[in-house]
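A.B. asks: After the structure tokens below, expect a handful of questions from me.
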């Protein structure tokens, strides 16, 4: 990402990504096989007002493109339509609350994993041990299954779904343990590249008596900006994996909301939760790319490195 | 590398045969602990866990194979960026737009309206993971296209297809293989995650078996349940590693 043109391109990519996610959500809810919205209100379970509201938000009586535009406009105005499963509550409000709960755990866990990776690199060196390399490819739900078993076997975290502190701590640990080796893998790659580029600097620093750890700390600082960008990409990835981690852990964030919407056939909530989750994942991932030129003086002002 | 590839294909074929040949019936009480007759104990439905895991392997291997095929196809298509500027633009925009798509969440929303078979999950995830790496492959292809030997081939009248097949793809082979193995791993992990949550077609797979253990009250805290859960997770990880190992370029030191 270089200069203002690069920033504009990143912003355009993000907007396009968000639109793509919203379109996919809308089409899945409206035009998928079986069309789950087709028989709205026929069972009598939904009051006519709710049916009318859903039809208005999803533009079900309009052509698809117009309906999509109406759906996006409704989301921008803060209306996600009434959730069928949660007794007609505003789906967008539910999704935003879930997003807040997820981010409250995910962002600190990502930051802690990044700091731990940097500390490991400074203390232990830049070579990546084999087991850590293998662990960096393990999906987070392996650890979530272990946490679920622990909650039944040991009673911690509590088995019932909630967004309480002990669940949040368990979720934090799962994300941290899953993300830390991947962060280290990423940082190690960046440091190996930097070591090649800055070999003259490293030789001079050693010649004037700078200790290895202090030298490694300076090299870590030199790659801080690209590492922050990569960490943001990984944070976006963790955010989207919340759809699997949270149902297994029983943490009531956005991922579990999406899962319960799908499991209970609530297309309104599923479409809204997916749009919010996808948009947040795109935004978090783009944040790093947008911040990199601002953080790194070598890339500032469009001066290509 | 050829022997390793043969082993990979053999593993996929064996898993298919096992799914066809094995008929796992109840042999005892539910969740009996491991014994010489049943090394992993019995499952929640009283069936021998080894039999069930062997018979379920085809669902996971389908996802793996489909993910590998889709990843290879996308990455091979991305390599055409070396001979076509339009292909480069297409790969760059598709990669920028779709690489960030939240895959697991997308699968969940699709599960709302479609009955996704394991191979469909694998193909979708493999294609999306391939797109994530497509830009790197396309950039490398463009670099290779500027090498003197490729320009010389153009000068003597070689066509784009010939240049792609003879000069670019061999140079991109190891990169494509490495990224395709990651796409296959992502596919089998995603399929397992989705079926573990009870979504998807319900076809037998390791993830589906884990879902059965996790959703049976008390099953995950019995010795048999714990061993079977751990074995299922280990099998999923081993299958992902198998692809990586099979496609590992010969010149790299084995892990």
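Taken together, the values in this text are just the output of simple stated rules run on the coordinates, not laboratory data. It should be emphasised that the depicted structure is a prediction, and the values quoted were computed from it without experimental measurement. Because the Cβ atoms are built from the backbone with ideal geometry, glycine has one as well, and the counts that use them run over all protein chains shown.
A.B. asks: Taking other Cβ within 10 Å of each residue's Cβ, how do B:244, A:171, B:149 sort, fewest first? Don't skip to the answer; put the middle values down first.
C.D. replies: On the way: B:244 17, A:171 28, B:149 9.
Neighbour counts put them in this order, fewest first: B:149, B:244, A:171.
A.B. asks: Give me the number: length gained by fully extending residue B:227 to residue B:97, i.e. 0.36 nm times residue separation minus the C-alpha to C-alpha distance, one decimal in nm. Let's see the in-between values first.
C.D. replies: Details: separation 130, 0.36 × 130 = 46.80 nm, distance 4.17 nm.
So the chain would gain 42.6 nm between residue B:227 and residue B:97.
A.B. asks: While we're here: Please compute the volume of the convex hull spanned by the alpha-carbon atoms of chain A and report it per residue in Å³.
C.D. replies: Values: hull volume 45.2 nm³, N = 305.
Taking the convex hull of the Cα positions in chain A, it is 148 Å³ per residue.
A.B. asks: Apply the Kirkwood formula to the protein assembly as shown: the hydrodynamic radius equals the inverse of the mean of 1/r over all pairs of different alpha-carbon atoms; give it in Å with one decimal. It would help to have the intermediate numbers written out before the result.
C.D. replies: Details: mean 1/r = 0.0395 Å⁻¹.
One over the average 1/r among Cα pairs gives 25.3 Å for the protein assembly as shown.
A.B. asks: Calculate I(q)/I(0) for segment B:2-247 by the Debye formula, one identical point scatterer on each C-alpha and no solvent, and give its log10 at q = 0.10, 0.11, 0.15 Å⁻¹ to two decimals.
C.D. replies: Here log10 of I(q) over I(0) equals -0.55, -0.64, -0.98.
A.B. asks: Right, here's the next one. At what distance in angstrom do the alpha carbon centres of segment B:175-202 and segment A:89-114 lie from each other?
C.D. replies: Value for the Cα centre distance between the two parts: 25 Å.
A.B. asks: Of the peptides B:91-103, B:17-29, how do they stack up when ordered by the mean number of other Cβ atoms within 10 Å, highest first?
C.D. replies: Values: B:91-103: 20.2, B:17-29: 12.7.
Result, highest mean first: B:91-103, B:17-29.
A.B. asks: Something else about it: Let me confirm one metric for peptide A:138-146, namely the mean number of other chain beta-carbon atoms within 10 Å of its residues' beta-carbons.
C.D. replies: Numbers: counts 5, 12, 2, 10, 8, 0, 2, 9, 3.
Counting Cβ atoms of other protein chains within 10 Å of each residue's Cβ and averaging gives 6.
A.B. asks: Same structure again: For segment A:117-213, take the convex hull of the Cα atoms, compute a quarter of its surface area, and give me that in nm², please. Don't skip to the answer; put the middle values down first.
C.D. replies: Details: hull surface 32.1 nm².
That works out to 8.0 nm².
A.B. asks: Here's something else I'd like to know. To the nearest 10 degrees, how steeply does helix B:223-247 sit against the main Cα axis of chain B, on a 0 to 90 scale?
C.D. replies: That helix lies at roughly 20 degrees to the long axis.
A.B. asks: Would you calculate the separation in nanometres between label points at residue A:152 and residue B:35, each defined as 7 Å from the Cα along the Cα-to-beta-carbon direction?
C.D. replies: It works out to 2.2 nm between the two label points.
A.B. asks: For the ranges A:65-75, B:128-138, B:222-232, what's the packing order if you count other beta-carbon atoms within 10 Å of each residue, average per peptide, and put the highest first? Don't jump to the answer; show the numbers that get you there.
C.D. replies: On the way: A:65-75: 16.9, B:128-138: 23.5, B:222-232: 19.7.
Most protected by this proxy first, the peptides run B:128-138, B:222-232, A:65-75.
A.B. asks: For segment B:131-255, rounded, prolate or oblate, judged on the Cα gyration tensor with a ≥ b ≥ c (square roots of eigenvalues), a/c < 1.5 rounded, else prolate if a/b > b/c?
C.D. replies: Values: a/c = 4.98, a/b = 3.06, b/c = 1.63.
Prolate, since a/c reaches 1.5 and a/b exceeds b/c.
A.B. asks: Over segment A:3-302, what relative contact order in percent results from Cα pairs under 8 Å that are six or more residues apart? Show your work: numbers first, answer last.
C.D. replies: On the way: 400 pairs, mean separation 83.9, N = 300.
Relative contact order here is 28 percent.
A.B. asks: Next question. Over segment B:1-84, what relative contact order in percent results from Cα pairs under 8 Å that are six or more residues apart?
C.D. replies: Numbers: 80 pairs, mean separation 21.7, N = 84.
RCO, segment B:1-84: 26 percent.
A.B. asks: Okay, moving on. On a C-alpha basis, how far is the centre of segment A:130-170 from the centre of segment B:1-70 in Å? Whole number, if you could?
C.D. replies: Segment A:130-170 and segment B:1-70 have Cα centres separated by 26 Å.
A.B. asks: Using only alpha carbon pairs under 8 Å that are at least six residues apart, calculate the relative contact order of chain B and give it in whole percent.
C.D. replies: Numbers: 431 pairs, mean separation 68.6, N = 255.
That works out to 27 percent.
A.B. asks: A follow-up question, please. Determine, from the Cβ-Cβ distance of residue B:6 and residue A:72 and an R0 of 51 Å, the FRET efficiency 1/(1 + (r/R0)^6), rounded to the nearest 0.05.
C.D. replies: Details: r = 51 Å, r/R0 = 1.01.
It comes out at approximately 0.50.
A.B. asks: Same structure, new question: How would you rank A:227, A:172, going from fewest to most other Cβ atoms within 10 Å of each one's own Cβ? Could the numbers behind the result be given before it?
C.D. replies: On the way: A:227 25, A:172 17.
Least crowded to most crowded, the residues run A:172, A:227.
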